[in-house]
Each structure stands twice: as C-alpha cells, then as structure tokens.
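Structure, as structure tokens:
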Amino acid sequence: MKSSVFNSISEEGKQEILDYFENKYNVEVKNASFDMLKEEGLTQSILDHLKVDGKEGVLLMIKDVSFNSENEVVINGLWYMNGLRAMYFKSAIVLKNGEWILKEKIMTGIS
C-alpha cells in the first residue's frame, strides 16, 4: 500500500488491514486510488458509481492516521460511492484485549 498516510505501518500491518476488511465484509478489497480504479474500468468518471462484478463498490479513502497512544488510533477518511454519495468521517479505534474496537465514529461532512 503506497501511501504517505501509512508510512508508520509495516507492510505486514497494511496487509492485515486489507485482509480485515475483506474477511469482515466478504468482498474483494483493492489497494488502489480512484485513478487506478478508473484505469481498471471500474468507473468512468467521478460522478459514476464504482462497479465491481456488476455490483456497486465503495472507495474507502484514509486521509490521515494519528496515534493518540499505542492503544488508540484516530482515522480521518472518506467513504465514497459516487460524486453525489460520499461521507467524510473521523473514527477512534482502541486496542482492547488484543483486538481493535471502534470507540467512536463521527460524520464530519457529506455530499
């Protein structure tokens, strides 16, 4: 996962994040930008729906990650389906008993 946001996370940690989403939601997870998805033919323009195997897809874009402590992470990002369906969010995730758990999720913007 090439991203300035994830510089502090190992390649193994990045893969663990991708595997988590793939297993939790039973979907294909791609490490790709919007432009890369466009090159693969999964969307035509920013106003189009993302399509994967004929189904609507979702682009989860992580804007920044900050560690409040070794047991708490705050993530700012964007959940995007098309130019008219997007939500900016801020999530706090805490490590409890060896498992990362969502502590708080706040919608910070919507389109």
Residue list for the stretch 67-108, given a label point 7 angstrom along the Cα-to-Cβ vector of residue 23 and an amide N cut-off under 13 Å: 99-100
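Only counting other Cβ atoms within 10 Å, I'd like 84, 42 sorted with the fewest neighbours first. Before the final figure, lay out each step's value.
Details: 84 8, 42 19.
By the 10 Å Cβ count, ascending, the order reads 84, 42.
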Whole-Hz couplings from phi, Karplus 6.51/-1.76/1.60, listed for the stretch 84-93; x for Gly and Pro: 10, 9, 8, 9, 8, 9, 10, 10, 10, 10
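Taken together, the values in this text are just the output of simple stated rules run on the coordinates, not laboratory data. The structure presented is a predicted model; accordingly, all values stated were derived computationally and were not measured. Counting neighbours? That spans all protein chains shown, and the Cβs are built from the backbone with ideal geometry, glycine included.
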